[in-house]
1. Name every residue in the range 35-62 that is of a type in the set (D, E, K, R) and farther than 18 Å from D78 by Cβ, in order of residue number.
2. Would you pick out the residues in the range 20-69 that are open to solvent by 20 Å² or more (accessible area, probe 1.4 Å), among the aliphatic types (A, V, I, L, M) and more than 23 Å from Q85 (Cβ to Cβ)?
3. Any idea how many residues of the range 109-131 are open to solvent by less than 20 Å² (accessible area, probe 1.4 Å) and in a strand (DSSP E or B)?
4. Filter the range 395-435 down to residues that are farther than 30 Å from N28 by Cβ, touching a Ser or Thr at 6+ places or on another chain (Cβ under 9 Å) and not β-branched (V, I, T), then give me how many there are.
5. Regarding the range 409-421, can at least one residue be identified that is open to solvent by less than 10 Å² (accessible area, probe 1.4 Å), over 24 Å from V253 (Cα atoms) and touching a Lys or Arg at 6+ places or on another chain (Cβ under 6 Å)?
6. Got a number for residues in the range 273-316 being open to solvent by 20 Å² or more (accessible area, probe 1.4 Å), at pLDDT 90 or above and not in a loop (DSSP other than H, G, I, E, B)?
Amino acid sequence: MADAVRGYKPREFIIESLDGAKKIDITNSILSIDYFEDILKPDISMIIQVTNSYSIVSGLPIRGGERVYIDIETVSGDFTINTEQDVLYVYKVSGIDGTRMAENFTLHLTTREYITNETSRCSRRYSGKISESVKDILSNVLRTEKYFDNNIEDTANAYAFIGAMKKPFNVLTWLGPKALSGSAGSSDADPNGSRTEEATGTAGFFFFENKDGYNFKSIDGMVSKLKESEGSSDDKKVFKYSYGGKIIKANDVRNNYEIINYSFEKNIDLRKSLRVGMYSNVTFFYNQDTHDVTVYKYVLKDQIKDKKLSKDPLVISDEISESISRILVRGSDHGIMETNGGTSTSGRSPADQAKSLARYNLLFTQALNILIPCNIKLKVGDVVYCEFPEMSSGQSKEIDSQSSGHYLIRELRHHFSAGQNTTSLKLMRDSYGVN
């Protein structure tokens, strides 16, 4: 068995009362700990299974909002949540059972920013680059410092909008499809009376939290070789995992990078892809200032180029790739955001919705679930390399060059318990093949 599966030593698990006057260390009462990240969610969370011979819920007491400090030693490093910036809070206690002379219950933890999000609103007007608006909301509405500048990827386009008393997380998630990455170029040209235009580039950002804090990153920046989202032209370290179906050798460090189990959740759904207009779509754009209608045609395979996880080109039949399968209709917002009564627009690209629909759906085309020995260095938004055997007459002699390759981590779960410390990953990718 891999050392990373067995190696687990909890050093500290402290719950602090609401008034800060009392702290209880329940390290010896922990049955299991589960830590969760999701690229589609703006917060991390934890679920703790606890059993004890005396009542902790009533003794502290736990009423919601208590701080929790965690320190765990693992083979892949120390898993710590013990600073004022990243400390977690109790938001729910469930499954309390004291019928067997012991109290069993489940603690649910979340971040301070998740709680602040429920009591804060974006009330004013925002303008300028979308990435700058994201930083503004994080700093001044959520009042958090849990982000680095290189985690908020610079956007190519500016966009003016009003917060409309929406919650910060809702606004930050809502901005994702409207943002264009720096590698995608500028917004599409204004119609200027023309009847047809080509929509160019790609769009689509994710707002999420991982162990590094808050992130606002483009799909292109996360999957491309240049790693624009990290401000570097070098490949970052990519963990490589392989499935062999057996343990290599007892106490061999390579066991820590073996896939314990895997399953492909989905591969392709052509009907859904056509319904959302993933391969080809058009946007009828009505200019409310000049009353002109411009048709923007968008063909994904002409714009995606090398901004994907594999070098292999998208294999799409010409009949499908050139045939329009979805029609979008949008109107301009001339004058809405102009403070001096002019006719300027908010800056939103006419065909951003068409681009983001295609890009998001391409990324979610393939879904793979794997179970590996615990590795706390992994986080959502990272790229991992997976290698699977190619089956031939019931035997595997070569790697499967189509299923193997780079995948983006969509969801992550670290499970800590005595003798069973694993990391579950839900992976996704937008192309086939090994680089």
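The values are calculated or read from the model by the stated rules, or taken from the named source; none is laboratory data. All figures in this text were calculated on a predicted structure; none of them were measured in a lab. Heads up, the Cβs are rebuilt from the backbone with ideal geometry, glycines too, and the neighbour counts pull from every protein chain shown. Ligands, DNA and RNA are stripped out before the accessible areas are found, and what is left, the full protein with its side chains, is counted by its heavy atoms. Shrake-Rupley method; radii C 1.70, N 1.55, O 1.52, S 1.80 Å.
1. Residues of the range 35-62 of a type in the set (D, E, K, R): 37-38, 41, 43.
Within the range 35-62, D38, K41, D43 meet the criteria.
2. Hits for the range 20-69 are I30, L31, L40.
3. Narrowing the range 109-131 to residues open to solvent by less than 20 Å² (accessible area, probe 1.4 Å): 109-111, 113, 116-117, 120, 122, 126, 130-131.
Within this subset, residues satisfying the condition of being in a strand (DSSP E or B) are 109-111, 122, 126.
Qualifying residue count, the range 109-131: 5.
4. Qualifying residue count, the range 395-435: 12.
5. no
6. Qualifying residue count, the range 273-316: 7.
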